Amino acid sequence: MYKPSITLGVMPVKRGFLPMEEARRQKERFMPVIRGIQSSVVKIVDIDDLTLHGIADRTELIPAIVEKFRESRIDALFIPFCDFGEESVAAGVASAFSVPVLVWGARDRVPNTDVIRGRDTQCGMFAATKVLRRHGVTYSYIFNCETESAEFAQGYENFLRVVNVLKDLKGLRIAKMGERPGPFMSVMTNEAQLIKRFGITTVPISPLMIARGTEALLEERPQALLDYYADLTRRIDCSGMEEEKVMTIAAAKMTIQDLMEKNGCTVGAIECWPSCSAALGVPVCTCAGELCDAGLPVSCETDINGAITMAILRACSLGEEAEFLADLTIRHPENDNAELLWHCGPFPYSLKAPDSAARLVGGQERWELKQGDITVCRFDDIDGEYYLFAGEGHSTTGPETTGTYVWFEVDDWKKWEERLMFGPYIHHLGGMYGRYFPVLREVARYLDIHLDHPDAEGPHCL
């Protein structure tokens, strides 16, 4: 299963001549808050053992802080401002790493008076972020808000999700199971450029290896295969299929998962037709859906950029829900702002609507996905430039159809169709339940790729 893990360096900062006692009070407010957010995912590395009250206020502290964070192999850095802060300390530590950086400080409640000197937190962050930019540091920012506010909690969690996406993409290995189907020129991509630009590698796995591994499992019939077959047929009505073909699907899923794990691949792209289906005698659509639920998303039609899209969505959700890769298919017959997100049967079972019967027909899944908010995105490229399209909508009702599907409603489908049609995208779009546009927007900025969305300027239809 997919288990995200983030090591976060936390370096509170204060201005040297401002009162330590007030800065300490601020730290004691925000540290319990952040320790309570995604605590099973995040390991916090503080500087309590290096500075007074664990707050940095002098440049002499920079080497020791950098050394500790480097030894801890931090994935990201959070710089909370306890007051005006020290821009030289913030920039000195942040510039020593190539990791995402988060800047935030709690809102000051009263201005300075003749009696009391305030913290001037916002003022200091304006100064410090200019210095960060001069040092070439890319940073994220949470709006100047209260420590206990929902705004802070959401911003902090969004940052964690951004960090997880960037961490997962660095060194991502994609199992490339077969070549693209002959007619599908649209899924072509530059694999060498993916290595150079993002450190993403494709690992060839022959469909013949999948077929041989499946045959070996079918011949041996280990208890693990029998148990998985029982679970599969308990969840999904397979009565319309021969028992041996269903067993073949189960064995193929286990074989693909084993090959991916042995090759260090956490996502895959499979030539579902014609080679794999022909070699196995059954479609591999169900295998793709089941692998998504196992935390190993697999895209159809050897869509490498689709696999990257699914990896991005998986990391966005911190593995909380499975993702799916759908065809943009037809407009809703009655709702002008809805579109059918469909594929022949590779969607994860965990996303099935509770009242939708799950069946296997000809080796392909059939059911409707559940209702809820949905974020869709597509990582793609053209002419050496990379793009990330992202937008949010929600599921809606519509006519029943074959395969696995969900009707997706947005505010203005015309804008969506224009951006997708004129952008460097294809008919495949990744989907994830929840609202993650702010996360995807920030991911695109850190990756230095083009962010695209329905409201972006561009060509228009006639």
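Things to note:
- Test result for residue 151, surrounded by fewer than 20 Cβ atoms within 10 Å (Cβ to Cβ) and out of contact with any Lys or Arg (no Cβ under 8 Å at 6 or more places or on another chain): yes
- From the list 90, 64, 96, the lone residue that is over 32 Å from the mean Cα position of the chain (by Cα), at pLDDT 95 or above and outside any strand (DSSP E or B) is 64.
- In region 1-39, residue surrounded by the most Cβ atoms within 10 Å (Cβ to Cβ) [restricted to those that are more than 17 Å from residue 165 (Cα to Cα) and of a type in the set (Gly, Ala, Ser)]: 9
- Any hit, region 13-35, residues being more than 32 Å from the chain's Cα centre (by Cα) and part of a strand (DSSP E or B): no
- Residue in region 185-205 that is more than 27 Å from residue 315 (Cα to Cα) and surrounded by fewer than 17 Cβ atoms within 10 Å (Cβ to Cβ) present: yes
- Annotation: residue 235 fulfils all but one of (1) in contact (Cβ under 8 Å) with a residue 60 or more places away in the chain; (2) surrounded by 15 or more Cβ atoms within 10 Å (Cβ to Cβ); (3) on the phi < 0 side of the Ramachandran plot; the unmet one is (2).
- Matching residues, region 391-448, being hydrophobic (A, V, I, L, M, F, W, C), farther than 30 Å from residue 283 by Cα and not in a loop (DSSP other than H, G, I, E, B): 413, 416, 422, 437, 439, 440, 443, 444, 447
- Residue 264 under 20 Å from the mean Cα position of the chain (by Cα), modelled with pLDDT under 95 and under 22 Å from residue 41 (Cβ atoms): no
- Selected residue (criterion: nearest to residue 327 (Cα to Cα)) from residues of region 337-362 that are touching a Cys at 6+ places or on another chain (Cβ under 7 Å) and either not assigned by TED's automatic domain parsing to the domain that holds residue 405 or not aliphatic (A, V, I, L, M) (or both): 343
- Elements of type helices (runs of 4 or more DSSP H) contained in region 239-324, each with 2 or more residues being assigned by TED's automatic domain parsing to the domain that holds residue 374 and touching a strand residue (DSSP E or B) at 6+ places or on another chain (Cβ under 8 Å): 243-262, 285-293, 304-316
- Taken together, 435, 359, 445, 378 contain a single residue that is of a type in the set (Lys, Arg) and either farther than 28 Å from residue 98 by Cα or in contact with a Lys or Arg (Cβ under 6 Å, 6 or more places away or on another chain) (or both), which is 359.
- Filter result (outside any strand (DSSP E or B) and basic (Lys, Arg)) within region 174-206: 180, 196, 197
- Hey, residue 448 surrounded by fewer than 16 Cβ atoms within 10 Å (Cβ to Cβ) and either under 21 Å from the mean Cα position of the chain (by Cα) or charged (D, E, K, R) (or both) or not: yes
- From the options 316, 285, residue that is under 23 Å from the mean Cα position of the chain (by Cα), surrounded by 23 or more Cβ atoms within 10 Å (Cβ to Cβ) and under 29 Å from residue 7 (Cα atoms): 316
- Within region 156-179, tally of residues that are free of Cβ contacts under 8 Å to residues at least 40 places away in the same chain and surrounded by 14 or more Cβ atoms within 10 Å (Cβ to Cβ): 0
- Pair list, Cβ < 6 Å and 6+ apart or interchain, from region 140-155 residues that are more than 20 Å from residue 94 (Cβ to Cβ) to residues that are acidic (Asp, Glu): 145/151
- Selected residue (only one of 136, 213, 118, 182 is modelled with pLDDT under 95 and either exposed (fewer than 15 other Cβ atoms within 10 Å of the Cβ) or in the same structural domain as residue 385 (by TED's automatic domain parsing) (or both)): 182
- Here residue 436 meets each of (1) of a type outside the set (Val, Ile, Thr); (2) out of contact with any Leu (no Cβ under 7 Å at 6 or more places or on another chain); (3) surrounded by fewer than 16 Cβ atoms within 10 Å (Cβ to Cβ) with one exception, condition (3).
- Of everything in region 412-426 that is in contact (Cβ under 8 Å) with a residue 60 or more places away in the chain and crowded, with 17+ Cβ neighbours inside 10 Å, the residue that is farthest from residue 462 (Cα to Cα) is 426.
- Which numbered condition residue 8 misses (of (1) in contact with a Lys or Arg (Cβ under 8 Å, 6 or more places away or on another chain); (2) over 30 Å from residue 112 (Cβ atoms); (3) part of a loop (DSSP other than H, G, I, E, B); (4) not acidic (Asp, Glu)): (3)
- Residue selected from region 51-103 under the condition in contact with a strand residue (DSSP E or B) (Cβ under 9 Å, 6 or more places away or on another chain) and basic (Lys, Arg), by the criterion farthest from residue 169 (Cα to Cα): 68
- Region 142-173, residues that are closer than 19 Å to residue 448 by Cβ and not in a helix (DSSP H, G or I): 170, 171, 172
The values are calculated or read from the model by the stated rules, or taken from the named source; none is laboratory data. Fair warning: this is a prediction, and the values are worked out from it, not measured in the lab. Here Cβ is always computed from backbone atoms with ideal geometry, including for glycine, and neighbour counts include all displayed protein chains.
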